[in-house]
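One structure is given below, encoded as structure tokens.
Bear in mind that the values in this text are calculations on the coordinates, not laboratory data. This one's a predicted model, so the numbers in the text were calculated from it and none came from an experiment. FYI the Cβ positions are ideal-geometry reconstructions off the backbone, even for glycines, and counts take in every protein chain you see.
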Amino acid sequence: MTKHECAVVTAFTGISMLKGKDLRYLYNYLSGFIGRPVYSHEIPAVAETYKEQIREDFLDLCRNAKEADDG
């Protein structure tokens, strides 16, 4: 799973899969919806406002998931 994919899952579920410097992926993902940098206190409101688009991104991840290596 990529860091961007972790950001999508985090935005959709509210369960943080990123920490430290990697949180920039969540900020960048959400900033794409509002067209400017997003601030920490705005994350819940932005995620709620764009929940349908975030849901579609989440479902796309699930639909396009790759098979696990069996070897």
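Odds and ends about this structure:
- Cα-centred dipole magnitude for the chain, charges only on beta-carbon of K, R (+1) and D, E (-1), debye, nearest 20: 340 debye
- Straight-line cross-link reach from LYS66 at under 19 Å between alpha-carbon atoms covers these aspartates and glutamates, not counting any fewer than eight positions away in the same chain: GLU5, GLU56, ASP57.
- Positive-end ranking of TYR39, TYR25, LEU61 along the dipole of the stretch 20-71, with charges on Cβ about the Cα centre, is headed by TYR39.
- Projected onto planes of every orientation and averaged, the convex hull of the alpha-carbon atoms in the chain covers 5.3 nm².
- Exposure proxy ranking, count of Cβ atoms within 10 Å, fewest first, for LYS3, LYS19, LYS51: LYS19, LYS51, LYS3
- Applying the criteria of a DSSP loop state and at most 16 other Cβ atoms within 10 Å to the GluC sites (Glu not before Pro) of the chain yields GLU67.
- Among ASP69, ASP57, the ranking by other beta carbons within 10 Å of each residue's beta carbon, starting with the fewest, stands as ASP69, ASP57.
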